[in-house]
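What follows is one structure encoded as C-alpha cells, with my remarks underneath.
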Amino acid sequence: MVSVRLGSKPDSFQLQGQKWVCPSGLPSDIIVEVGDFYFHLHKFPLLSRSGLMEKMIAEFHAEEGAPCMLHLHDIPGGAKAFELIFKFCYGVRIELNASNAVSIRCAAEHLIMTEDYGEANLIDQTENFLKEVFSNWKDSIQALETCEDVLPQAEELGIVTRCINSLAIKACADQTIFKQTKTSRSTALWNGIEAETHKTRCLKEGWWHEDVSFLNLPFYKRLLSALEAKGMKPEGIAGALIFYAKRHLPGMTRHSTVVDSAKPTSLTELDQRSLLEEIVSLLPEKKSVAPAKFLLCLLRTAMILQASAACRETLEKKAGAQLEEAGLEDILIPCMGSSAETLYDVDCVQRMLDHFLFVEQTALASSSPGIFDDGHVISNSPSLAALTSVAKLMDAYLAEVAPDANLKPPKFQSLASAVPDYARPLDDGLYRAIDIYFEAHPWLTDSEREKLCRLMNTQKLSLEACAHAAQNERLPLRVIVQVLFFEQLRLRTSIAGWFFVSDSLENSHAAQQGRLPAAIGGKNDDRPSLTDVSEGEEGGQSVADDGEMRLRLSELEKECVSIKQEIDKLGKPKTHAWNIFPKNFGL
C-alpha cells in the first residue's frame, strides 16, 4: 500500500474522553464541535489554512469572554477526518494512505483548503497522492470502497469515476505487462542474488474477479459498464458476475468450487432478491458465456427467493438455449409453494426443453435450409449431437420423476414426446422411464398404458431391452407381441445375411478348387486334400450355427403363437392389425 507523511512536528495532542486538547501551555480560544467530539484548538492555525474556518470565525459573534464555538457536523469523514486535518494545520506528522485519502480530500474541499491559504495546502497534497493511489490495483479498490462513506462529495469531485476507470484499465490491460510490472516492484537482493520478496502468481483470465467482488452493487455495475466500454469480452463480464453471485447469494456454492473464504451474506431476503434480479439483468446476451450449471442454480435460487416472473423467464430461456450442457442434477428443480402438486417442477423443464428445440430448429432453418430430410436431421448435422445429448438427458429426467405418484400421464407424455424421434439412437432410456412409471402407477388403465407405450419405438430397443420387455408383465400384450415380432425380423435378417455370406464363401471355394490341377505328381489320388478337410470343418460349423438359429427362431414363433392364443382367450377384438401376425410369423 502506498502512503505518504505530511508535516514534521511530533503529535502532542491528547484525547480526553470526547475532547481533544493541546497541552502546549497556550489556552485554546476556539472550540470546534464535530459529532460527539469537541476540539479545543487555536484560531490562527485553522484560519491560516482553511477558507471556511476563516469565514466562520469572522462571522461568529458571542458575549465578551465567551469562547468561539463552531459546529462542523456536516464535514465529510466526520471527526476522524477533522482530526487529521487540524493536525495538518498545526504541522503535526500525519500519514496519508488509500484508506483515508478520499475522506481527507473531500473534507479539505469542504473546508476550502486551497493554495490561496498557504502553499502545499491539503487539497493539492491529497490530489497528488490520489494519482499514486490510482496507479496501484489494490489501493484503487480500497479507495473506491471508502468512497461509500463520503459518496456525494466523492462523486462531485470525480473520485469514484477515476477509481473505476483505473480499475477498468488494469483489468483490460495485457496480463503479461501487468505481471512484469508487479514482479519488478517486488524484488530484492539476498546475498547478491535477485529474488522475489513474495509469491507472484501467474495471472490468468479472471484474476481480478475476487478482488472486485467485495464492492457494493452500484459501484460494481459501474465497473462492469466501464469494462464493457473499454473492450472487455462478454465472457470476462459473465465470469465476474458469476463470482459476484456466488460471493453474495446463499445456496450458489452448493455445486461449485468457489473460494471457501466467502462469508455468509448479511443481506435480507428482499435485498437478496433485488441483487439476484440485478445480476440476471447484467448477464450478457451472448449465448454460452455463462455455464448452464450456473444459470440453473441461479434459477433455483430465484424460485426460492420468489423473484419476478420476468427474471425467472429470462433464466429459463438462457438455460434452455444451452440445455445440452446441463446434467441431471441441474434440472431437478423442486416445486416451490404450498400448492405444488409434484415433487419436481416438470413444467419448468418442459418450458426449457421447448425453448431449446425452438432455438435449434430456428438456427438450422436459417443457416442450412437443406439440412432436414423428410423432417429428420441429416446424420452429419452439427446439431444432432446436441439433440441426442438433450434426448438422453430428458430420458434420465423422466426416469427420475417417474416414481412421483402425483405426476399425471399427460405431463409425462408431453415431456417425452417433445423430443424428436430421430434424436434417440436407441429407445432404451425411454423404455426404462416408462417401465418405472408403470411400476409407480399401477392404477393406470389399459388405454393409458397403450398411449404411453406409443411414445417409444420398439424397433429401436437393444437386445437387452427386448429381452426385458418380452418378460415384462407391466407392458400391454400388444407391445410384447411387437417386441417379439421385431426380434424375429432381426433374426430373419441375420439368417438371410448368413446364407448370403455362406453362398459367397462356397462359390469362392469352388472357383479356387476348379483352378487347381487334377492330380499332383502325375497321380489321381482319392484321398481327401487339406482343402477338402478344412471346407468340411467349416461346413459342419455352419450347419451347427444354422441349426441353432433355426431353433431360436422356432422358439420365438411358439412364443408368438402362445401370446396370440392368450389374446384370443381374453376376448380381444381381432382387428386387421392383429390378423397380419400369423402370416408374418410363418417360416
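The values are calculated or read from the model by the stated rules, or taken from the named source; none is laboratory data. For clarity, every value in this text was computed on a predicted model and none was experimentally measured. Here the Cβ is made from the backbone with ideal geometry for all residues, glycine too, and neighbour counts use every protein chain on show. We work out accessible area using only protein heavy atoms, side chains counted, and drop any ligands, DNA or RNA first. Shrake-Rupley method; radii C 1.70, N 1.55, O 1.52, S 1.80 Å.
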For region 11-36, how many residues meet the condition of being outside any strand (DSSP E or B), exposed (fewer than 12 other Cβ atoms within 10 Å of the Cβ) and in contact with a strand residue (DSSP E or B) (Cβ under 7 Å, 6 or more places away or on another chain)? 3
For residues that are within 14 Å of Val212 (Cβ to Cβ) and over 30 Å from the mean Cα position of the chain (by Cα), scanning just region 122-146, find the one that is surrounded by the fewest Cβ atoms within 10 Å (Cβ to Cβ). Asp139
Filter result (outside any helix (DSSP H, G or I) and within 19 Å of Glu400 (Cα to Cα)) within region 445-474: Leu455, Met456, Arg474
Go through region 268-310 and give me each residue that's in a helix (DSSP H, G or I) and of a type in the set (D, E, K, R). Glu269, Asp271, Arg273, Glu277, Glu278, Lys293, Arg300
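Matching residues to (1) within 28 Å of Leu489 (Cβ to Cβ); (2) crowded, with 16+ Cβ neighbours inside 10 Å; (3) modelled with pLDDT under 95; (4) among the β-branched types (Val, Ile, Thr):
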{"position": "Ser367", "(1), (2), (3), (4)": "no, no, yes, no"}
{"position": "Val419", "(1), (2), (3), (4)": "yes, yes, yes, yes"}
{"position": "Tyr422", "(1), (2), (3), (4)": "yes, yes, yes, no"}
{"position": "Arg449", "(1), (2), (3), (4)": "yes, yes, yes, no"}
{"position": "Leu452", "(1), (2), (3), (4)": "yes, yes, yes, no"}
{"position": "Leu461", "(1), (2), (3), (4)": "yes, yes, yes, no"}
{"position": "Ala467", "(1), (2), (3), (4)": "yes, no, yes, no"}
{"position": "Gln471", "(1), (2), (3), (4)": "yes, no, yes, no"}
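Which of the residues that make up region 424-439 are part of a helix (DSSP H, G or I), crowded, with 21+ Cβ neighbours inside 10 Å and over 29 Å from the mean Cα position of the chain (by Cα)? Quick ask: steps written out before the conclusion?
Keep residues of region 424-439 that are part of a helix (DSSP H, G or I), which gives 428-439.
The next check asks that each one be crowded, with 21+ Cβ neighbours inside 10 Å; those that pass are 430-431, 433-434, 437.
Hits for region 424-439 are Tyr431, Ile434, Tyr437.
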What do you reckon, is Leu52 open to solvent by 40 Å² or more (accessible area, probe 1.4 Å), modelled with pLDDT of 90 or more and not charged (D, E, K, R)? no
Return the only residue of Phe82, Phe88, Phe39 being touching a residue at least 60 places away in the same chain (Cβ under 8 Å), surrounded by 17 or more Cβ atoms within 10 Å (Cβ to Cβ), aromatic (Phe, Trp, Tyr) and not in a loop (DSSP other than H, G, I, E, B). Phe88
Considering each residue of region 91-121, count those that are open to solvent by less than 10 Å² (accessible area, probe 1.4 Å) and within 17 Å of Gln142 (Cα to Cα), and give that number. 6
Would you pick out the residues in region 311-335 that are of a type in the set (A, V, I, L, M) and either open to solvent by 80 Å² or more (accessible area, probe 1.4 Å) or in a helix (DSSP H, G or I) (or both)? Leu315, Ala319, Ala321, Leu323, Leu328, Ile331
Could you list, in sequence order, the residues of region 102-121 that are at pLDDT 95 or above, assigned to a helix (DSSP H, G or I), more than 30 Å from Ser213 (Cβ to Cβ) and of a type outside the set (Asp, Glu)? Ala108, His110
Some residue of region 148-162 being touching a helix residue (DSSP H, G or I) at 6+ places or on another chain (Cβ under 8 Å), basic (Lys, Arg) and in a helix (DSSP H, G or I): yes
Which of the residues spanning region 239-270 are modelled with pLDDT under 80, farther than 19 Å from Tyr220 by Cβ and either open to solvent by less than 30 Å² (accessible area, probe 1.4 Å) or among the charged types (D, E, K, R) (or both)? Arg254, Asp260
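From the list Ile94, Ile164, Ile159, pick out the single residue that is in contact with a Lys or Arg (Cβ under 6 Å, 6 or more places away or on another chain) and at pLDDT 95 or above.
Details: Ile94 fails: at pLDDT 95 or above; Ile159 fails: in contact with a Lys or Arg (Cβ under 6 Å, 6 or more places away or on another chain).
From the options Ile94, Ile164, Ile159, the qualifying one is Ile164.
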